[in-house]
1. Give, as residue ranges, the strands (runs of 3 or more DSSP E) completely inside the range A:156-274 that count at least 2 residues that are of a type in the set (Val, Ile, Thr).
2. Residues in the range A:160-180 that are crowded, with 17+ Cβ neighbours inside 10 Å and at negative phi: how many?
3. If you take the residues of the range B:84-112 that are surrounded by fewer than 24 Cβ atoms within 10 Å (Cβ to Cβ) and hydroxyl-bearing (Ser, Thr, Tyr), which of them is nearest to the other protein chains (Cβ to nearest Cβ)?
4. Restricting to the range B:149-190, what's the tally of residues that are in a loop (DSSP other than H, G, I, E, B) and within 15 Å of the chain's Cα centre (by Cα)?
5. Working only within the range A:145-157, note down all residues that are surrounded by 16 or more Cβ atoms within 10 Å (Cβ to Cβ), among the hydrophobic types (A, V, I, L, M, F, W, C) and under 19 Å from A:GLY107 (Cβ atoms).
6. All but one of (1) without any contact (Cβ under 8 Å) to a residue 60 or more places away in the chain; (2) over 21 Å from A:MET208 (Cβ atoms) hold for A:SER109; which doesn't?
7. Which one of A:LEU117, A:LEU142, A:LEU66 is crowded, with 19+ Cβ neighbours inside 10 Å, in the same structural domain as A:GLN19 (by TED's automatic domain parsing) and within 16 Å of the ligand (Cβ to nearest atom)?
8. If you take the residues of the range B:90-99 that are modelled with pLDDT of 95 or more and closer than 14 Å to A:ARG35 by Cβ, which of them is farthest from the ligand (Cβ to nearest atom)?
Amino acid sequence: MGDAVEDIEIALLLEAIYQRYHYDFRHYARASIKRRVLQARTQLGFASVSAMQDRLLHDPATLPRLLNYLTVQVSEMFRDPSYFRALREKVIPHLKTYPSLKVWVAGCSNGEELYSLSILFREEGLDQRTLFYATDINPQALKAAEAGVYPLSEIRKFTENHQKAGARTSLSDYYTADYGRAVFDKSLRSQVVFSDHSLVTDAVFAEMHLISCRNVLIYFDRPLQDRALGLFRGSLARKGFLGLGSKESLRFSVHADGFSDYVLEEKIYQRRDA
Amino acid sequence: MRAAAIEAVVIGASAGAVQALLHILPGLPATMSVPILIVVHVPSDRSNALVTLYRDRCRLRVKEAEDKEVVADGTIYFAPSDYHLLVEAERSLALSSDEAVHHSRPAIDVLFETAADAYGPALAAIILTGANQDGADGLRAVAAAGGVAIVQDPATAQVPAMPAAALSACPTAHVMSIDDILSYLVGLAAR
Ligand SMILES: C[S@@+](CC[C@H](N)C(=O)[O-])C[C@H]1O[C@@H](n2cnc3c(N)ncnc32)[C@H](O)[C@@H]1O
């Protein structure tokens with residue numbers, strides 16, 4: 001139901017973004033993307049979604065502003081501490097048997113999850129042998145991830161999460177406070193490759209030992225989730241691990257057979273080979 | 001005017017929610033087929049507490065809403081903590097970790113607005129006790145889509161701010177006591 005004209009406008013807008021700029025939101029979960037398109041229309045001051053589309057097609061400078069609405073940049077360091085604790089206790093011991101490691105943080109947003117993993121790997125003595133890939137489709141988010149600067153007001157929450165994740169160090173070892181901001185130590189990203197990569201339109205990455213992709217698939221419809229999960233399956237080394245968000249799962253995927261449950265409550269899976 | 005048959009009920013509650021829902025949910029008969037979707041503001045580490053609390057006290061199935069699950073008849077769904085609960089046009093559920101709305105995630109507005117979109121006039125929406133503004137915009141959206149808007153009488157609500165805000169955003173809403181709300185829902189089961 002709802003406003004049928006608006007639904008048409010939204011479908012056309014997503015098609016226009018795809019044809020003009022190759023960002024493909026056409027198969028994102030619709031109720032959520034609709035809310036965000038309408039929010040963009042209101043806050044960017046357009047009379048209608050069609051008017052916004054017109055501007056977008058003719059003025060590429062509009063795209064980054066709209067991308068900030070269409071993609072959701074909400075994150076925390078050590079979000080869901082029990083996930084990071086499970087990585088520490090159950091996955092890391094396995095990873096320690098490899099001489100070199102590759103870890104992919106897909107949909108890294110402003111970098112909170114990446115720095116969490118980087119700190120975890122340092123605490124566990126794996127940092128020297130690990131190469132991280134941090135990818136996202138939002139260029140502004142990637143830039144923020146490279147900068148590693150967060151409002152000091154968030155540090156209390158980050159610290160609490162870190163502690164609950166079984167911290168072996170203090171979070172304050174890794175940042176310096178500066179004018180209301182926490183600037184994270186650049187050594188945490190000395191072994192990180194940041195890159196623009198879409199789980200919808202781009203191809204596999206080779207031979208990962210761990211892929212962490214949290215709260216990204218939840219925005220996709222089922223077929224799109226399947227595409228991304230196939231991509232992950234193809235990007236993992238044998239016995240490699242996949243970690244998803246707490247409300248995401250492989251349960252209904254066509255790729256369910258390509259993985260086995262590793263820590264089911266934390267949505268951590270392991271690549272399975274016949 | 002003949003009202004459309006109600007095909008889903010959405011409920012939003014905040015401070016005082018647990019008691020208010022204890023007056024309502026256990027009283028619903030097993031024959032009730034209309035699904036009920038509920039957002040309660042709870043601290044984010046109390047994830048499954050609501051489902052556990054009501055499951056043993058209700059005759060209907062009670063569960064936490066899962067992403068992409070098809071809305072089933074005769075089921076009470078609670079939004080998980082820390083995720084918004086949305087309804088898709090094809091009447092399946094979706095979760096999202098979008099920004100908090102009115103400092104809340106899950107937010108009542110998000111559920112009500114998307115449910116209004118999915119169900120139009122076939123939706124009944126109820127705002128119960130609470131201390132903030134969440135749900136006011138959502139209730140207005142439900143009414144605008146032709147759905148039934150109900151507000152717990154602020155005078156009898158444990159915390160009146162939220163129903164009062166909903167009522168001023170949506171003055172045409174029906175004002176009811178908890179008992180009237182229960183009777184209304186039981187009436188839906190009888191139809
Ligand atoms: C809600 S954030 C999740 C951040 C972090 N992983 C976490 O769990 O806290 C979702 C991120 O996914 C990114 N994203 C959306 N669509 C994507 C796609 N097709 N490919 C890669 N990343 C995408 C968004 O730009 C955003 O940074």
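The values are calculated or read from the model by the stated rules, or taken from the named source; none is laboratory data. These figures come from a predicted structure and were not determined experimentally. Positions of Cβ are backbone-derived with ideal geometry, glycine not excepted, and every protein chain shown enters the neighbour counts.
1. Numbers: elements: A:175-178, A:181-184, A:192-196, A:208-213, A:236-244, A:259-263, A:268-271.
Output list reads A:192-196.
2. Filtering the range A:160-180 down to residues crowded, with 17+ Cβ neighbours inside 10 Å leaves A:161-162, A:165-167, A:171, A:174-175.
Those left that are additionally at negative phi: A:161-162, A:165, A:167, A:171, A:174-175.
Of the residues in the range A:160-180, 7 are crowded, with 17+ Cβ neighbours inside 10 Å and at negative phi.
3. If we take residues in the range B:84-112 being surrounded by fewer than 24 Cβ atoms within 10 Å (Cβ to Cβ) and hydroxyl-bearing (Ser, Thr, Tyr), then B:SER97 is nearest to the other protein chains (Cβ to nearest Cβ).
4. The initial filter retains those residues of the range B:149-190 that are in a loop (DSSP other than H, G, I, E, B), namely B:153-160, B:170-173, B:177.
Restricting the remaining residues to those that are within 15 Å of the chain's Cα centre (by Cα) gives B:173.
The total comes to 1.
5. A:ALA145, the sole residue that qualifies.
6. (2) is the only condition that A:SER109 fails.
7. Numbers: A:LEU117 fails: in the same structural domain as A:GLN19 (by TED's automatic domain parsing); A:LEU142 fails: in the same structural domain as A:GLN19 (by TED's automatic domain parsing).
Selected residue: A:LEU66, the only one of A:LEU117, A:LEU142, A:LEU66 that is crowded, with 19+ Cβ neighbours inside 10 Å, in the same structural domain as A:GLN19 (by TED's automatic domain parsing) and within 16 Å of the ligand (Cβ to nearest atom).
8. B:ALA94
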